[in-house]
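Notes for the one structure printed next.
The values are calculated or read from the model by the stated rules, or taken from the named source; none is laboratory data. All of these numbers come straight from a predicted model, not from anything done at the bench. With ideal geometry, Cβ positions are generated from the backbone for all residues, glycine too; neighbour counts draw on all protein chains shown. The area values use the complete protein model at the heavy-atom level, side chains included, leaving out ligands, DNA and RNA. Shrake-Rupley method; radii C 1.70, N 1.55, O 1.52, S 1.80 Å.
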Amino acid sequence: MFHPATKVTIIAERMLQSGIVKILEDDGAKGYTIVDGSGKGEHKSRDGDRASVVHDFSIIRIEVMFSDRKRAERVAEDVAAKYFRQYPGVVYLSPIEILRPERF
Amino acid sequence: MFHPATKVTIIAERMLQSGIVKILEDDGAKGYTIVDGSGKGEHKSRDGDRASVVHDFSIIRIEVMFSDRKRAERVAEDVAAKYFRQYPGVVYLSPIEILRPERF
Amino acid sequence: MFHPATKVTIIAERMLQSGIVKILEDDGAKGYTIVDGSGKGEHKSRDGDRASVVHDFSIIRIEVMFSDRKRAERVAEDVAAKYFRQYPGVVYLSPIEILRPERF
């Protein structure tokens with residue numbers, strides 16, 4: 001029996017990991033996973049004023065799932081507001097289906 | 001030309017890798033990918049009786065795709081039934097679109 | 001405020017990384033992330049003529065996001081046409097929601 005849920009994926013520089021994890025925990029995430037990687041991107045660095053190109057930075061990819069979409073939106077917005085005006089990175093939502101919604 | 005398909009993502013402790021891969025192969029998966037990572041989570045350890053908090057375990061993230069949703073559901077249910085009552089971990093389904101459905 | 005977008009995920013042998021990244025850049029991708037992994041799969045090696053089983057190859061997983069679905073489709077088709085008739089690998093599209101569509 002599968003239930004709809006929302007996954008938040010956060011891709012960010014590794015140095016932001018502990019700050020992002022604190023947001024997840026403050027917002028009540030029950031579990032998350034972190035995978036290392038590398039990346040490259042063009043990102044606005046200050047709210048649209050100017051653009052900076054960032055090459056080959058060391059990144060983390062964090063995934064966290066919520067059965068309540070509102071909580072997923074809040075985590076995504078909190079992370080974007082705190083970090084992604086200043087630092088390169090991205091956060092997005094994905095529709096998923098899970099087996100035990102009480103765990104998320 | 002894109003075709004709807006279902007992706008199964010399994011996040012588990014690394015020690016479960018060979019057992020999970022065996023389920024994928026027994027269920028007829030034609031290919032999968034495995035990425036290493038690290039994670040943390042709060043998980044029920046025995047069917048809801050009590051909860052255990054697991055910190056900083058070494059994890060794998062396995063992805064496998066099926067053009068037949070029923071097969072994706074069966075793999076997800078088989079993995080969850082065999083491992084995720086006892087061990088921390090999560091399995092979820094995602095809607096995707098693929099180019100060559102005969103390969104999945 | 002979340003906006004619908006399309007994510008392209010490419011799973012390929014590591015030796016194809018620079019060629020795939022060139023396609024992404026030629027097709028106007030503004031950013032992507034790459035994560036290392038390992039994988040196994042059964043794949044047609046030459047346009048359906050014969051099948052080869054590939055074991056335990058070293059892979060990369062590339063993710064790139066587009067607010068314009070047509071561009072996501074073009075990248076996926078270009079990568080598949082150039083590489084995945086000859087080499088093992090997979091490309092798929094996923095529906096996502098993003099916060100700042102002007103960045104993708």
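Within the range B:62-94, restricting attention to residues that are of a type in the set (S, T, N, Q) and over 19 Å from residue B:22 (Cβ atoms), the residue that is most open to solvent (accessible area, probe 1.4 Å) is B:67.
Scanning the range C:64-104 for residues that are facing another protein chain (nearest Cβ under 8 Å), farther than 16 Å from residue A:92 by Cβ and in contact with a helix residue (DSSP H, G or I) (Cβ under 6 Å, 6 or more places away or on another chain) yields one hit, C:91.
Do you know which of the residues in the range B:9-31 that are outside any helix (DSSP H, G or I) and closer than 22 Å to residue A:60 by Cα is most open to solvent (accessible area, probe 1.4 Å)? Write out each step before concluding.
Let us first name the residues in the range B:9-31 that are outside any helix (DSSP H, G or I), namely B:9-13, B:27-31.
Now narrow it down to the ones that are closer than 22 Å to residue A:60 by Cα: B:9-13.
On the way: B:9: 0, B:10: 1, B:11: 6, B:12: 0, B:13: 38 Å².
The extreme case among them is B:13.
Within the range B:35-55, can you find the residues that are among the hydrophobic types (A, V, I, L, M, F, W, C) and either modelled with pLDDT of 85 or more or open to solvent by less than 10 Å² (accessible area, probe 1.4 Å) (or both)? If the condition is that a residue be among the hydrophobic types (A, V, I, L, M, F, W, C) and either modelled with pLDDT of 85 or more or open to solvent by less than 10 Å² (accessible area, probe 1.4 Å) (or both), then B:35 is the only one that fits.
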